[in-house]
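Have a look at this one.
The values are calculated or read from the model by the stated rules, or taken from the named source; none is laboratory data. Remember, it's a predicted structure, so these values are computed and weren't measured experimentally. Here the Cβ positions follow ideal geometry from the backbone for every residue, glycine too, while neighbour counts run over all protein chains shown. Keep in mind that these areas ignore ligands, DNA and RNA; they rest on the heavy atoms of the full protein, side chains included. Shrake-Rupley method; radii C 1.70, N 1.55, O 1.52, S 1.80 Å.
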Amino acid sequence: MALRQISSPLSPETARSLKTGDRVLVSGRIVTARDQVHKYLASGGKSPIDLSGTILYHCGPVVIREDSSWRVIAAGPTTSMREEPYEAGLIRTYHPGAIMGKGGMGQNTLKALKEEGCVYLHLTGGAASYIARSIESVEEVHLLEFGQPEAMWVLKVSNLPALVTMDSFGNSLHADVESNSLQILKELLKTPFHRKSHS
Amino acid sequence: MEKSVLLSSLQNIIEKASTVLPEDIRRALEKSFTEEREASVAKDTLGMIIESAVCSKESTRPICQDTGSILAIIKSRPDESIILIEEAIHEAVKILTRNGILRQNCVDPVTGQNTGDNTGKHVPQIHFVPIDGPTTVSVMLKGGGSENVSTQYSLPDSSLEAGRDLDGVRKCILDAVFKAQGKGCSPGILGVCVGGDRASGYLLAKEMLFRRLDDENPCKILGKLEETVMEQANSLGIGPMGLGGRTTLLGVKIGNAGRHPASFFVTVSYSCWAVRRISAELDSEGRISEWL
Ligand code: SF4
C-alpha cells in the first residue's frame, strides 16, 4: 500500500487527495485538542492559535517540565467519538487540514470533512511510546488552565505513521467495519449456546 | 511495617504496572500477530502495539499515555499495616505522577479542576480484603477509553432477545463487543460478572481482569462460555482498533455472584489490550517478597 509523506499544515489540495486506506507519515506542527478545548471552542471561545490546515490531534499527553522546556513522555490518541458533538462546527469555523485520533467519528463529522475538504487520521491507541518517538519537541502550550492533559500543545513531529480512515469523499472505514460486524452479530445471536459439551 | 520500605515497594509496584505489559498479554498479542493476514492493517497495528510495549519497558515509560484510573486491592490481616499501605499508595502515586510515570488523571467533577497529583475524593480507589495470610497488594491501571465502553445489562433484554440464562449472557457480551467497536482500543480483554447487584457487578467484573489469560475457569460451564464468546467475538471482524481483522479480543474471563430473584445483571468490564495489572506479596517489613 502507498506510503505518503504529508506535512502539517496541509494544503487544501493535499487534504482532498487523501483516501481511506492511505498510509501516511506526518511531519510538521500539530496541535492537541481534547474534551475541554472542544467544549471551549464550541461555546464561543477563541482559539489562541491559527488552526487552518493544521492537524488537530485528540490527545492528552504526559508531559514533564525539564528546566525551562517541556518533554513529552507519552502522547497516544484518545477516543475521538467524544468530540463528535463539537467537531463538525469546529471544522467549519477553523478549517483544520485533518483531525487525528483513534476509533473514528460519526456522520456529522464525515459530512463536515466532505464539505470542508478535511480528513480523519487514525493512530494506534495505546502505542504511546511508539508515537512519542516521532515527537521532536513542544513548540508552545496554550490553555494550560484546563490541566496538563487537556491543554493545547503545539507539537513538532516527524514521520509519524497514521492511517486515513475517513476522507473527504464520504468514505469511512469505521462505518464499513461496523456495518459488516452488525450482519455477523445478527447471525451469532441466532445460534444458541449449549451448556453441555459433546461428551 | 516500615514506612519508607513500604513507600519504595509501592512505588516499584505501581511503576512496573504502568510501564511493563504483563507477559501473558504480550504473548497473546504476538500469537495474534502471526494469525493476521500479511500486509493487513490489523497486522500492522498489532506490530506497532508490540513494538511500543517493548519500547516502554526498555525506557521505563508508560505503556499508554492514559495511565488510567488506579484500583488497588490490599489483602492482609486486619492490623495497623493496612493504614500504612494505604498512605504509601497515596504517596507513591503522587511521586510517580511528578515523574511522568502516571498522568494527572483526577478531575474534581464539581469544580472541573484537575487535582494535579492523581489523588482526590475516593481516588485512588483502594479496597481492603481481610484474610488470614501474607499481605498482598494488587494494582490495576485501567484506561478511560475502555472504561467508557464497559457496560451493564439487565436480563431479560428484549432488544437482544436475551433471556435469563447463559445464552442470554452470551448475547449481552457479544453486543457489548459490537458496541465497543474499536473505541476501547481493541483487541480487548473482557471481565464479566454474571449476577450480583449493580454495584458489585462492576467491581467483580473488573476484578476478573486480574486473571491471567491462560488460566482455567474453576466453573466448567463458565469456562465453556468463555471459549464460545471468545470465538464468536473474534468472528465479528472488528479487529485491532476496530479497523477490521481477526483479533477483536485477547481473552474473556467470566465470574459469577449470587443475584436477587428479581435481578439478573450481566456486567462487562472492557479492558483495552493495555491491561496493566500486577500483584505482589509483601513481607513483615513491607518489602516485596514475591511478584505474583
Ligand atoms: S483504552 Fe487503553 S490503550 Fe486505549 S488510550 Fe485508553 S488506556 Fe490507552
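Show me the ranking of peptides B:119-128, A:113-122, B:236-245, B:95-104 by mean Cβ neighbours inside 10 Å, starting with the highest.
Highest mean packing first, the order is B:236-245, A:113-122, B:95-104, B:119-128.
If you take every DSSP beta bridge fully contained in chain B, what fraction is antiparallel? Give it as a percent rounded to 5.
70
Oh, and also: Compare A:84, B:2 by solvent-accessible area with a 1.4 Å probe and give them largest first, with all protein chains kept in place.
So the residues, ranked largest to smallest area, are B:2, A:84.
Counting only other chains, what is the mean number of Cβ atoms within 10 angstrom of the Cβ of each residue in peptide B:29-38?
Taking all residues of B:29-38 together, the mean is 0.
A further question on this structure: Give the relative contact order (percent, whole number) for chain B; include only Cα pairs under 8 Å separated by 6+ residues.
About 25 percent, as a whole number.
Taking Cβ-Cβ under 4.7 Å as the only way to count a partner, pick out the unpartnered cysteines of the protein assembly as shown.
That list is A:59, A:118, B:55, B:64, B:106, B:172, B:193, B:219.
In degrees between 0 and 90, to the nearest 10, how far off the longest principal axis of chain B does helix B:220-233 point, with axes built from Cα atoms?
Relative to chain B, helix B:220-233 is tipped by roughly 70 degrees.
How many angstrom separate the Cα center of segment B:172-202 from the Cα center of segment A:145-187?
If you average the Cα positions of each part, the centres end up 22 Å apart.
While we're on this one: Partner chain Cβ atoms within 10 Å, averaged over the residues of B:274-281 - can you pull that number for me?
If you average over the peptide's residues, the count of other-chain Cβ atoms is 1.
Quick one: work out the % antiparallel among DSSP beta bridges in the protein assembly as shown, nearest 5.
65
Hey, another quick one. What ranking of A:17, B:40 comes out by heavy-atom accessible area, probe 1.4 Å, highest first?
Output order, biggest surface exposure first: A:17, B:40.
When Cβ neighbours within 10 Å are restricted to other protein chains, what is their mean count per residue of peptide A:144-151?
4
Return the value, in Å² to the nearest 100, of accessible area buried between chains B and A (probe 1.4 Å, both sides summed).
Buried area (both sides, nearest 100 Å²): 4200 Å².
Follow-up. Sequence gap at least 6, Cα distance under 8 Å: using those rules, report the relative contact order of segment B:137-288 to the nearest whole percent.
The value is 40 percent.
While we're on this one: Of B:16/B:121; B:16/B:142; A:19/A:114; B:142/B:183, which pairs sit farther than 19 Å apart, going by alpha carbon to alpha carbon?
Beyond 19 Å: B:16/B:121.
Using a 1.4 Å probe on the protein heavy atoms, what percent of the accessible area of segment B:90-247 belongs to carbon and sulfur?
Accessible surface attributable to carbon and sulfur in segment B:90-247 totals 53 percent.
Ranking request for peptides B:263-270, B:130-137: highest mean number of other beta-carbon atoms within 10 Å first, then the rest in descending order.
B:263-270, B:130-137
What figure, in Å² to the nearest 10, do you get for the accessible area of residue B:57 with a 1.4 Å probe and non-protein molecules left out?
Per-residue accessible area (residue B:57): approximately 120 Å².
Carbon and sulfur together cover what percent of the accessible area of segment A:47-199 at a 1.4 Å probe radius?
Carbon with sulfur: 50 percent of the solvent-accessible area.
Which whole-number value in Å² is the accessible area per residue of chain B, probe 1.4 Å?
Counting only protein heavy atoms, the per-residue value for chain B is 41 Å².
Something else about it: Normalised by the residues of segment B:34-182, what does the relative contact order come to in percent, with Cα pairs under 8 Å and at least six apart?
25
Another one. On average, how much accessible surface per residue is there in segment A:4-190, in Å², for a 1.4 Å probe, leaving out ligands, DNA and RNA?
I get 38 Å² per residue for this part.
Could you give the angle, 0 to 90 degrees to the nearest 10, between helix A:84-94's Cα long axis and the longest principal axis of the Cα atoms of chain A?
Value to nearest ten degrees: 40.
Let me ask something additional. Name the aspartates and glutamates eligible as straight-distance cross-link partners of residue B:75: C-alpha to C-alpha under 18 Å, and not fewer than 8 places from it in the same chain.
B:2, B:86, B:87, B:132, B:207, B:281, B:283, B:285, B:290
Right, here's the next one. Leaving out ligands, DNA and RNA but keeping every protein chain, what accessible area does residue A:141 have, in Å² rounded to the nearest 10, with a 1.4 Å probe?
In the full protein context, residue A:141 sits at about 40 Å².
Just to make sure I understand: if all protein chains stay in place, what is the order of B:69, B:32 by accessible area at 1.4 Å, largest first?
Ranked list, largest accessible area first: B:69, B:32.
Assigning unit charges at the beta carbon (Lys, Arg +1; Asp, Glu -1) and nothing else, what dipole magnitude in debye, to the nearest 20, does the protein assembly as shown show about its Cα centre?
820
Run the 1.4 Å probe and let me know the accessible area of residue A:46, rounded to the nearest 10 Å².
For residue A:46, solvent-accessible area is about 150 Å².
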